[in-house]
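The block underneath contains the structure these notes are about, expressed in structure tokens.
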Amino acid sequence: MKIGIPLETRPGETRVASTPDVVKKLIGKGFDILVESGAGTRAGYPDAEYEQAGARLTDRAGAYDVDLLLKVRRPDESDVAQMRSGGLFIGLLESCGEDALVASMLAKNIRVLGMERMPRTSRAQSMDALSSQSNIAGYRATLEAAARYGRFLPMMMTSAGSAKPARVVVLGAGVAGLQAIATARRLGADVHAYDVRPETREQILSLGAKPIDLDLGESGAGEGGYAKELSDEAKARQQAALSDELAKAHVIITTALIPCRPAPVLVTEAVVARMRPGSVIVDLAAANGGNCPLTVADEIVERHGVTIVGLTNFPALVPADASAFYARNLMNLIEIMVELGESGPQLKNLDEDDITAAMLARASV
Ligand SMILES: NC(=O)c1ccc[n+]([C@@H]2O[C@H](COP(=O)([O-])OP(=O)(O)OC[C@H]3O[C@@H](n4cnc5c(N)ncnc54)[C@H](O)[C@@H]3O)[C@@H](O)[C@H]2O)c1
């Protein structure tokens, strides 16, 4: 079975879907791996390392003419034109609901496994790319905030004077939020955090941060570890109750989101105007509209003296580790998808496993 690893062409994308280490393991299982020349260079994995691992280097067309195409980012129409009919695509689809591009792959008899449809179950944890990449985003977002804040994050006592620790507020204590809390704590900040799901309180405390408790009159706990959308009244209560906590913050890292819903507004313009000049907001929900209405996706702007970072691809700023985690997620997924026989790996029925069945894109009827 041929696996293709193309160069990612989305502007700013530096990750690659597989690394030499993982390629070596897949070759050991009987796969034939074709890597587009230069695919791993920006992530720190040169062509020579893939060759040493046993892969064959190829051009773009060669990397697409395969049984199993592994990508990080959503393909575009020109990618789909190069894909082999009857093949299988695995990657992030970055879409919700109706998707013309996925429909065009299905029309070409290409099966599509969307990595964001991975169920959040314990068995699927080692294959969960949204989590592995969000973890990296939470870490890198905190470093971005620290670098852009004109003061220290930790308490500093020096012969030239002392500085108080920065007050960091993290909104949303899911995967990215918990890593942002942990990173800000490691940097010595005074960290406060809030999530609408009550079970996150213990996790916030266990990382040494202080939970912000709000009484919204309803629970935000939803299904499968996700939050549920609040009523309009509860949203208004939430904004009002958070405003004093947020206005006191020097750094806010926001990560609140319910998949396939617009990001909830948690940091209003009135709050930004009350923040101390020089403060920093990193809005990880920027791609979905942002948790702050002043956020501009893919830009860093200054409003009311506050720097607002709306970068939408933090994992691409840690490309070697982000690619390594993603590659391992894919390898763990491939392991449950194939049987290793005498004649090499054979694809199982993807509808028979709850993980692959949940990930398979279906033609809408
Ligand atoms: N900018 C980037 O580079 C980048 C990279 C990866 C992920 N992300 C984004 O980061 C965000 C978080 O990702 P994740 O994997 O941690 O998701 P997650 O589902 O694990 O966490 C989101 C958290 O937000 C909470 N939440 C939802 N609505 C809320 C509300 N109204 N108030 C408070 N909390 C609320 C949820 O309970 C959940 O704990 C998403 O928007 C994701 O798209 C951005």
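Couple of notes before you dig in:
- Solvent-free Debye scattering, log10 I(q)/I(0), computed from the Cα coordinates of region 1-78 at q = 0.15, 0.23 Å⁻¹: -0.43, -1.02
- Cysteines in the chain that lack a partner Cβ within the 4.7 Å cut-off: Cys292.
- Extension gain, Ala81 to Ser219, is 45.0 nm, computed as 0.36 nm per intervening residue step minus the present C-alpha separation.
- Distance between region 287-343 and region 235-252 - C-alpha centres, whole angstrom: 26 Å
- Residue of Leu246, Leu284, Leu350 that the Gaussian network model of the chain assigns the largest fluctuation, springs spanning Cα pairs under 10 Å: Leu350
- Basic side chains Lys and Arg get +1 at the Cβ, acidic Asp and Glu get -1 at the Cβ, and with that the dipole of region 136-316 about its Cα centre reaches some 680 debye.
- Normalised convex hull volume, the chain, alpha-carbon set, Å³ per residue: 151 Å³
- Long-range HN-HN contacts of Ala221 with modeled amide H, under 5 Å: Lys228
- For Val282, distant residues with modelled amide H under 5 Å away: Ile252, Ile253, Thr254, Val309
- In this structure, the amide hydrogen of Lys210, modeled 1.01 Å from its nitrogen in the peptide plane, lies closer than 5 angstrom to those of Val191, His192, Ala193, counting only residues at least 5 positions away or on a different chain.
- Charge tally in the Cβ shell below 14 Å around Val265, where Lys, Arg are +1 and Asp, Glu are -1, Val265 excluded: -1
- Order of Cys292, Cys96 - criterion: other Cβ atoms within 10 Å of each residue's Cβ, fewest first: Cys96, Cys292
- Lys/Arg +1, Asp/Glu -1 at C-beta; the chain dipole; positive extreme among Leu216, Gly91, Pro11: Leu216
- Trypsin sites (Lys or Arg not before Pro) within region 292-365: DSSP coil, no more than 13 neighbouring Cβ in 10 Å: Lys348, Arg362
- The calculated FRET efficiency for Arg261 paired with Ala107, based on their beta-carbon distance and R0 = 30 Å, is about 0.55.
- Cα convex hull volume per residue for region 136-316 (Å³): 110 Å³
- The chain: calculated mean residue ellipticity at 222 nm from DSSP helix runs of at least 4, using -39500 (n - 2.57): -10000 deg cm²/dmol
- Ordered by the number of other Cβ atoms lying within 10 Å of each residue's own Cβ, fewest first, Ser134, Ser364, Ser243 fall into the sequence Ser364, Ser243, Ser134.
- Order of Tyr149, Tyr326 under a 10 Å beta carbon neighbour criterion, fewest first: Tyr149, Tyr326
- Looking at region 77-125, the GluC sites (Glu not before Pro) that sit in a DSSP loop and have at most 14 other Cβ atoms within 10 Å of their own Cβ are Glu94, Glu98.
- Shape of region 270-336, Cα gyration tensor, a/c cut at 1.5: prolate
- Converting phi to 3J(HN,Hα) with the Karplus coefficients 6.51, -1.76 and 1.60 and the offset θ = phi - 60°, region 136-150 yields 5, 4, x, 5, 5, 5, 5, 5, 4, 4, 4, 5, 8, 7, x Hz in sequence order, with x at every glycine or proline.
- Sites Glu233 and Glu269 - FRET efficiency at Förster radius 25 Å, r taken between beta-carbons, to 0.05: 0.75
- Segment Leu57-Ser122, length gained on full extension (0.36 nm per residue, minus Cα span): 19.8 nm
Each reported figure results from applying straightforward, stated rules to the coordinates on display, with no laboratory input. All figures in this text were calculated on a predicted structure; none of them were measured in a lab. FYI the Cβ positions are ideal-geometry reconstructions off the backbone, even for glycines, and counts take in every protein chain you see.
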